[in-house]
Amino acid sequence: MKPKHPTVICINTDWCKGCGICAAFCPKQVLVMNQRDKAEVVAAENCIACKQCEQRCPDLAIQVIKSPAKEEKEAS
Amino acid sequence: MSVQDYIRERFFPHIWCPGCGHGTVLNNLVRAVETLGLDKNEIVMVSGIGCSSRIAGYLDFHTLHTLHGRALAFATGVKLSRPELNVIVPMGDGDALAIGGNHFIHAARRNINITAIVMNNRIYGMTGGQFSPLSGEATTATTAPFGTIDPDFDTVALATAAGASYVARTTTYHVQEIRKRIAEAIVHPGFAVVEVMSQCPTYFGRKNKQGDAVEMLRRYKEGTVPLDKQPADPEKIPRGVFVQRERPEYCKRYEHLVQAAMTDGAALT
Ligand SMILES: Cc1ncc(C[n+]2csc(CCOP(=O)(O)OP(=O)(O)O)c2C)c(N)n1
Ligand code: SF4
Ligand code: SF4
Ligand code: SF4
């Protein structure tokens with residue numbers, strides 16, 4: 001079953017330079033490099049919101065927005 | 001505040017090459033500042049010249065982009081005149097330890113309350129891949145086609161010997177560490193040095209057959225260990241906090257001197 005409010009992964013394709021770092025180190029294979037050499041989300045439902053992609057991106061081109069449910073669980 | 005609130009978005013996408021580690025340092029430096037909840041107005045960033053030094057232009061703090069190797073000299077002036085501000089100095093390995101080596105050791109000797117970040121890609125990126133004092137023997141560079149014969153400095157040992165009171169090392173693979181170490185360095189009341197090993201895929205990577213940025217990050221992951229685990233893995237480069245000690249801070253001592261001179265000038269002569 002898919003979560004009701006899945007984590008949203010926003011990729012700014014104007015800033016992404018296609019280095020592949022986010023895709024290579026994502027522990028859940030959520031991201032791939034597409035034919036235009038930009039990062040692309042292919043399996044958002046597997047994302048564990050670890051934010052490694054967001055924090056390693058040299059171009060500030062990824063933002064991971066956790067589902068409200070996840071944020072709440074972590075805060076408690 | 002979010003990361004976007006600390007950057008000058010109008011200059012993005014930035015000028016650095018695809019996969020350049022300097023962008024990852026910028027990313028996590030901002031997160032360190034965010035963690036500390038510092039106001040942008042409380043921070044002065046002073047940089048020299050180099051790919052690494054461009055970082056100052058992208059951040060929405062008070063920023064000074066000065067001369068190659070001289071960032072710490074300008075920063076010393078800023079800190080002495082406005083000691084209440086947090087002064088952060090990002091430098092390349094050439095900027096910090098080749099042309100700027102003299103300023104570096106004397107800032108450490110004085111223990112002035114400045115945060116120095118050495119973005120060590122072991123090469124001169126901006127000028128086309130010449131070797132630096134941190135390249136190390138047998139490294140290939142534009143100016144060393146057969147490999148350099150120069151031994152390298154160890155940033156941590158040099159900073160420690162010169163008197164820095166906080167000294168740490170990490171890499172652009174270990175992003176959580178960058179955030180923590182820079183935050184600790186900013187809070188530390190003395191000269192704090194954080195060396196971040198940062199990949200230059202364009203020159204260092206290509207000249208030394210180290211592969212692309214992903215491959216270079218794998219090398220950081222596999223070729224370094226936390227300081228306490230290093231005895232079991234002596235071949236690897238240690239990461240962590242090497243020095244955290246108390247020493248009299250320069251601006252404080254200067255302030256005491258001024259006060260003493262004002263109240264009892266005669267006693268000083
Ligand atoms: C006084 C002076 N000498 C030399 C230069 C040329 N120069 C510009 S950047 C640089 C070195 C850059 O290497 P580094 O500091 O390691 O930073 P990186 O570009 O690798 O991030 C040099 C030699 C200069 N700008 N000013
Ligand atoms: S790490 Fe950033 S710049 Fe590199 S491919 Fe991913 S989104 Fe693009
Ligand atoms: S947050 Fe973690 S799991 Fe989700 S895409 Fe990024 S690296 Fe992968
Ligand atoms: S030349 Fe090297 S240091 Fe300079 S931007 Fe490119 S990858 Fe980064």
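In debye to the nearest 20, how big a dipole does the protein assembly as shown give about its Cα centre with +1 on each Lys and Arg Cβ and -1 on each Asp and Glu Cβ?
380 debye
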Among A:67, B:133, A:57, flag the residue with its Cα farthest along the positive direction of the charge dipole of the protein assembly as shown, charges on Cβ as +1 for Lys/Arg and -1 for Asp/Glu.
A:67
Which of these, B:178, B:88, B:237, has the largest mean-square fluctuation under a Gaussian network model of chain B (Cα springs below 10 Å)?
B:237
Size of the dipole of the range A:8-75 about the Cα centre, Lys and Arg at +1 and Asp and Glu at -1 on the beta carbon, nothing else charged, in debye to 20?
120 debye
Among all the aspartates and glutamates, which ones have a C-alpha under 17 Å from residue B:252's C-alpha, if same-chain residues fewer than 8 places away are not counted?
B:84
In units of 2.2 N^0.38 Å, the Cα radius of gyration of the range B:3-263 is 0.98
Which of the GluC sites (Glu not before Pro) found in the range B:41-140 are loop residues per DSSP with 13 or fewer other Cβ atoms within 10 Å of their Cβ?
B:84, B:137
Can you compute the FRET efficiency between residue A:35 and residue B:219 using 1/(1 + (r/R0)^6), with r the Cβ-Cβ distance and R0 = 22 Å? Round to the nearest 0.05.
0.20
Of the candidates B:157, B:167, B:178, the farthest towards the positive dipole end of the range B:123-185 (Lys/Arg Cβ +1, Asp/Glu Cβ -1, centred on the Cα centre) is B:178
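Using the Cβ atoms and a cut-off under 15 Å, what net charge is assigned to the surroundings of residue B:71, where Lys and Arg are +1 and Asp and Glu are -1?
+1
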Note on the protein assembly as shown: the mean projected area of its alpha-carbon convex hull, in nm², is 21.0 nm²
Sites matching trypsin sites (Lys or Arg not before Pro) across the range B:1-78 that sit in DSSP coil, with at most 14 neighbouring C-beta atoms within 10 Å
B:8
Projected label distance in nm at residue A:73 and residue B:10, using a 7 Å step from Cα toward the beta-carbon:
4.3 nm
I need to check one value: relative contact order of the range A:8-75, counting alpha carbon pairs closer than 8 Å and at least 6 residues apart, in percent.
39 percent
Charges at C-beta only: +1 for Lys and Arg, -1 for Asp and Glu. How large is the resulting dipole of chain B about its Cα centre, in Debye rounded to 20?
220 debye
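Subtracting the Cα-Cα distance from 0.36 nm times the residue separation, let me have the gained length for residue B:228 to residue B:109 in nm, one decimal.
Using 0.36 nm per residue and subtracting the Cα-Cα distance, I get 40.1 nm.
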When each of A:51/B:40; A:28/A:51; A:28/B:180; B:180/B:236; A:28/A:73; A:38/A:66 is checked by Cα-Cα distance, pairs over 18 Å:
A:51/B:40; A:28/B:180; B:180/B:236; A:28/A:73; A:38/A:66
Please give, to one decimal in nm, the separation of the simple spin-label points placed at residue B:244 and residue B:67, each 7 Å out from Cα toward the Cβ.
3.7 nm
What chymotrypsin sites (Phe, Trp or Tyr not before Pro) in the range B:84-153 are in a loop by DSSP, with at most 10 other Cβ atoms within 10 Å of the Cβ?
B:146
At a Cα cut-off below 20 Å, give the aspartates and glutamates reachable from residue B:209, other chains included and same-chain residues fewer than 8 away excluded.
B:137, B:150, B:152, B:222
Taking Cα atoms, the helix B:250-268 axis meets the longest principal axis of chain B at an angle in degrees (rounded to 10) of 20 degrees
Of the candidates B:12, B:1, A:11, the farthest towards the positive dipole end of the protein assembly as shown (Lys/Arg Cβ +1, Asp/Glu Cβ -1, centred on the Cα centre) is A:11
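Every read-out reported here was derived from the displayed coordinates using simple, explicitly stated rules and does not represent laboratory data. Model, not experiment: these values are computed from the prediction. FYI the Cβ positions are ideal-geometry reconstructions off the backbone, even for glycines, and counts take in every protein chain you see.
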